[in-house]
Amino acid sequence: MDDEDDFISRTKRKNAATALQVVGKELVALSVEQIRRLDLPENLREAVLECKKFNKHEAIRRQMQYIGKIMRDIDSTPILAQLMQIKAPSSRDNALFHLAEKWRLELLEDPDAAARFANAYPDANLGRLRALIGAAQSEREAKRAPKHFRELFHFVNALVQERGKEP
């Protein structure tokens with residue numbers, strides 16, 4: 001009876017091995033600094049860093065298989081959680097990004113928005129802000145490429161992100 005409970009089909013084993021290979025590829029795609037910051041078993045960290053040194057396809061393929069073999073013997077759940085944290089922006093980051101986008105649109109559409117923005121973000125250079133707003137509006141009317149429109153977003157986003165990181 002225990003043998004039936006412990007039985008894992010060949011397909012499930014292959015799918016699990018393939019999933020571990022994907023995790024291994026994602027680990028190898030990270031920068032050396034990111035890899036060093038991850039909480040990985042030492043043999044896995046060394047294998048991933050070694051794989052980054054290779055440039056021949058066959059050497060990389062064999063090293064990836066070795067990484068997969070190491071990962072079969074460890075619990076990959078914490079590693080997946082760390083990868084997700086690195087790759088996915090937080091909901092707070094998304095909210096700050098959307099706030100910056102909202103401010104940009106308000107600044108372009110409402111003449112009083114610059115004063116409200118300056119009150120909300122006292123560090124803002126009001127002269128630079130007004131210049132960017134004017135340039136973006138002129139650009140929009142002339143149907144030119146949105147260079148100043150983007151520049152305005154970067155200006156606003158930098159202030160919003162800076163304020164969002166304060167405790």
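The values are calculated or read from the model by the stated rules, or taken from the named source; none is laboratory data. Just so it is clear, the structure is predicted and the values come from calculations on it, not from any experiment. For neighbour counting, all protein chains shown are included, and Cβ atoms are generated from backbone atoms with ideal geometry for every residue, glycine included. When the accessible area is computed, the model is the full protein with side chains, heavy atoms only, and any ligands, DNA or RNA have been set aside. Shrake-Rupley method; radii C 1.70, N 1.55, O 1.52, S 1.80 Å.
On the accessible surface of the chain, probed at 1.4 Å, how many percent belong to carbon and sulfur atoms?
Working: 6020 of 11580 Å².
Within the chain, the accessible surface is 52 percent carbon and sulfur.
Sequentially through region 21-38, phi angles give Karplus couplings (6.51, -1.76, 1.60; θ = phi - 60°) of 5, 4, 4, x, 4, 5, 5, 5, 6, 6, 6, 4, 5, 5, 5, 5, 6, 6 Hz, Gly and Pro residues having no value and appearing as x. In degrees, nearest 10, range 0 to 90: what is the angle between the Cα axis of helix 147-165 and the longest Cα principal axis of the chain? Once rounded, the angle reads 70 degrees. Cα centroids of region 75-147 and region 51-66: 41 Å apart.
Under a GNM of the chain (C-alpha, springs under 10 Å), which listed residue has the highest mean-square fluctuation: LEU83, LEU44, LEU126? Checking each option, the largest mean-square fluctuation is seen for LEU126.
At 0.36 nm per residue, minus the direct Cα-Cα distance, what do LYS14 and ASP93 gain on full extension? Give it in nm, one decimal, please.
24.8 nm
Applying the criteria of a DSSP loop state and at most 14 other Cβ atoms within 10 Å to the trypsin sites (Lys or Arg not before Pro) of region 110-155 yields LYS143, ARG144. Which whole-Hz couplings ³J(HN,Hα) result when phi for each residue of region 131-142 is put into the Karplus expression 6.51 cos²θ - 1.76 cosθ + 1.60, θ = phi - 60°, listed in order with x for Gly and Pro? Coupling constants for region 131-142: 5, 5, 4, x, 5, 5, 5, 4, 4, 5, 5, 7 Hz. Of the residues VAL23, VAL32, ranked by 1.4 Å probe accessible area with the largest first, the sequence reads VAL32, VAL23. Comparing GLY24, GLY127, GLY68 in a Gaussian network model of the chain (Cα springs below 10 Å), the most mobile by mean-square fluctuation is GLY127. Here the 3J(HN,Hα) profile of region 56-62, calculated from phi with Karplus coefficients 6.51, -1.76 and 1.60 at θ = phi - 60°, is 8, 4, 5, 5, 5, 4, 5 Hz, Gly and Pro shown as x.
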